[in-house]
Every structure is written in C-alpha cells, then in structure tokens.
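Peer 1: Sharing a structure, written as structure tokens. Questions coming.
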Amino acid sequence: MDQAQLDNFMKSVEGIENLIKSHSEKADAEIKAIGKVSHDTQTAIDNLGIKQRELADELMQLKQRQSLPPEISGPDGWGAQFTKSEEYTGRLHLIKGNRQFGSVGFEVKNTLTGSDATVAPDRRPGIVPGAFAPLTLESFLPSLPTQSNAIEFTKENVFTNNAAEAAEGAAKAESSLTWTLINMPVSTVAHWIKISRQLASDNAALAAYVDTRMRYGVNRKVETQLISGDGVAPNISGILDTGNFTAHGYADAALGTVLKKLVLIRKIIGDLQAAGDDPDGILLNPADWATIDIDLFTTAAGQSLRTVNEMGQPVLFGKPVITSVGMTADQVAVGNFAMACTVYNREGVVVEMSDSDSDNFTKNLITLRAERRLALATERPAAIRAGDITPV
C-alpha cells in the first residue's frame, strides 16, 4: 500500500469515527428528549458499526499478508501507529438511559488458526528420480555395429575328432565336421509416452527427465532380453535360450553337503577349462549372489575365495561375477562370454517426438517414442554352461 492509499484508508477511518461520534450525540439528545433512540438513528449506528468492523478486518488481512510497509514515519510503521492509537484501542459507548446498550469498535469476528495459504512453499530444485537399476551385462559382452536387419553366420555344429596314430602305409582315420547356417533377425525394443506440449516447452528439467527415463526403460528391457529372450519374433534370442548354452548337467547328489552353490560353480569352471574354454565371467541374479556372498563369509575357507578386482568387481575362483537384474533368479551361467556372444547394434536408443499421433494436435500433446534395434548372436554355445543353481 503506497502513501496515497494509506491517506485514503485513514480518511475512511476518520470519516467513520466522525459519523459515529455525530450519531452518538444525536442518540444522547433523543434519549433526553423522548426517552429512546429513534429507529433511523439506531439503524445508522448499526450500519456504521458494520463498516467500522469491515475496515478492521481489512487492516487485519493486510497485516496477516505482511503487506504493510515497515515504516512511514517515526519508529513505528503506519499499521503499528494505527493499532496503538486511541481510536483503535478505545471504545465508544452509546448510553441508553443510564445503561450501556452497545459498543462500537473494531472487532475480530473469527479466531484464525492453521497454515497461511498465502505463504509460498519451499520448492526444492530438480526431480526426485525413481529407481535406476544398474545395467551390467551389455558392457561385458563384445559389441559390433551392423547396417542390416539380420545377422547371418556359419556355426560349427558337430566336430567328431577321430585323429589316431597310424602305422606306415595303413589307412588314416577320418574325422567329420558339420556346420549350421544361423540367421538372427535384428529385434526392436521400444515404448512410448504422451506429454503435453506445454510441459515440453515450459519445464525443461522435467522434459529431460522423461527423455532419460524412456532411454533407461529401453535398455532395462534389453538387459533382460539379452539373457532370457526366447528368440520367438520379435524377441531376442538370449543367452539362456535353448541352443545358446550347454546345460551344466549336475544333480544335487553330486554337490556334497556343504556350500553346494560354490561347489557347483567351481565344477562348471573346471568343465569349461577341460573343454578348452576358460571362462571369463559368472552370471548371477543379484539376490543369488547375495546368498553366495553370505555363505562365503560364514567360513574361513570361503572368505579367501572372494576377492575384488581393480575395477571393484567381485571375483570368485578368479572369475569376475556379473550380477544382472535381467538374470533369472535361481539360475547360473558360467562361460567365456567374449568368445561365445556378440551384440550387433543396428540403432542405439533413439527418442523421437510427434504431434501428429492420434488427436495430439487438437489436444496439444506430444508422443515420445524411444526405441532401439539390435541382435544377439551366440556363436559358441559350448562356451557357456548354465542351469539351476540349486539342482534337484
């Protein structure tokens, strides 16, 4: 409120009080003359009282909203001066006979409690994100670009090695080798969401977060598909798809009675090494690795088996442990993954937007679509051995 508004407000207050004083004197005169206050005079006094209370309410609201200037003159601002004034604190009494029949003054009609809705909230910057599970497997696999919609390669099928010693002049042994032509189509992993054009234009941070979330959603699904995709179009043929690995072949009875999961993993490592494929990783679900990790710390012998490499990655029996949220629980895969698999990337994650989808144009909406195209080729299934981590 500026000085001109303040002057007008004070004039309104002064005018009301002058009228109240005038009608009070008139009421006193009527009581002396006729023994009562006339109806017109009483109505005027009541209306002036209402107006005075309205001005008091207006002052109270201004003070609550902290819109009063701190100072006009002297040590107190105009609000403080007004509320300390005799006119504000005093009460004008109308006398009917020798009794008080009313009082006119400022009145607070309600008790004010609770929070003030006019106080601005303390808005914190940024966006509190949801969970972003670490995606670990793809960074562990070799990756190559492709410009095609399918990957085709010739894979050794069966090698029968009949090499043997031969006497001079004797017939030599014949071996056999067969191949299989594999065609692996490039799969598309995608999803979409709609946002308003206003959000995209006005809230850059939120729009960027949506973009990040959409990209993460695609790669999170890829992580699962690389392991568990069943190869039925349009799915990726993952590591655990039939034909992409060799079953470890162990039953519970072959694992002894102590630390069976560790015994199983060590046996699989030995089998791979015996077959000429020294494994470079142990693939586990994070929960299964936690169980094994706890087992390791319960025995002095077990503690020496678990180490950490220079990258901070846990190592078991000298082999890196790959924990992936895409790995099926209660399964284990041990293998020479660098030799067994290759990820072929046709397109990285692409986020595109359009206002031409459905009724977007009329509703001021934008459709965001995130997609990625890739294939997984498992060229050497014998280099991966997998199966139940708790076999029956």
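Peer 1: Quick one: 3J(HN,Hα) in Hz for the stretch 346-361, Karplus 6.51/-1.76/1.60 with θ = phi - 60°, rounded, Gly and Pro as x.
Peer 2: 7, 9, x, 5, 10, 10, 10, 9, 8, 9, 9, 7, 6, 9, 4, 4
Peer 1: When ranked by the protection proxy of mean other Cβ atoms within 10 Å per residue, highest first, what sequence do the peptides 358-371, 157-170 form?
Peer 2: 358-371, 157-170
Peer 1: Sticking with this structure for a sec: Give me, ordered by chain and number, the residues 5 or more places off I322 or on other chains with an amide H under 5 Å from its own placed amide H.
Peer 2: Long-range HN contacts for I322: I282, L283, L284.
Peer 1: Normalise the Cα radius of gyration of the stretch 188-336 by 2.2 N^0.38 Å (N = residues in it) and let me know the number.
Peer 2: So the Cα radius of gyration is 1.36 times the expected 2.2 N^0.38 Å.
Peer 1: Among K11/K36; K267/K319; K172/K267; K221/K267; K11/K51; K221/K261, which pairs are too far apart, with a Cα-Cα distance over 25 Å?
Peer 2: Table pairs above 25 Å Cα-Cα are K11/K36; K172/K267; K221/K267; K221/K261.
Peer 1: Next question. Report, by chain and number, residues whose modeled amide H sits under 5 Å from the one on S187, excluding near sequence neighbours (fewer than 5 apart, same chain).
Peer 2: L374, A375
Peer 1: Distance from the Cα centre of the stretch 236-302 to that of the stretch 170-184, in angstrom?
Peer 2: Distance between centres, Cα-based: 31 Å.
Peer 1: In addition: Please list, in order along the stretch 376-383, the HN-Hα scalar couplings obtained from phi with the Karplus expression 6.51 cos²θ - 1.76 cosθ + 1.60 (θ = phi - 60°), rounded to whole Hz, x for Gly and Pro.
Peer 2: Calculated HN-Hα couplings, in order: 10, 10, 9, 7, 10, x, 5, 7 Hz.
Peer 1: Taking the alpha-carbon centroid of each part, what is the distance from the stretch 13-35 to the stretch 348-392 in angstrom?
Peer 2: Using only Cα atoms to place each centre, the spacing works out to 86 Å.
Peer 1: Of the peptides 314-321, 172-179, 29-36, how do they stack up when ordered by the mean number of other Cβ atoms within 10 Å, highest first?
Peer 2: 314-321, 29-36, 172-179
Peer 1: So, one more: Could you run the Debye sum over the Cα atoms of the stretch 124-212, one equal point scatterer each and no solvent, and tell me log10 of I(q)/I(0) at q = 0.10, 0.13, 0.15, 0.24 Å⁻¹, two decimals?
Peer 2: Log10 I(q)/I(0), no solvent term: -0.63, -0.82, -0.93, -1.23.
Peer 1: For the stretch 269-357, what Kirkwood radius comes out of the mean inverse Cα-Cα distance, in Å?
Peer 2: Taking the inverse mean of 1/r over all distinct Cα pairs, the stretch 269-357 comes out at 15.5 Å.
The numbers here are math on the coordinates, done by the rules we state, and not lab data. It should be emphasised that the depicted structure is a prediction, and the values quoted were computed from it without experimental measurement. As a convention, Cβ positions derive from the backbone with ideal geometry for all residues, glycine included, and neighbour counts pool all protein chains shown.
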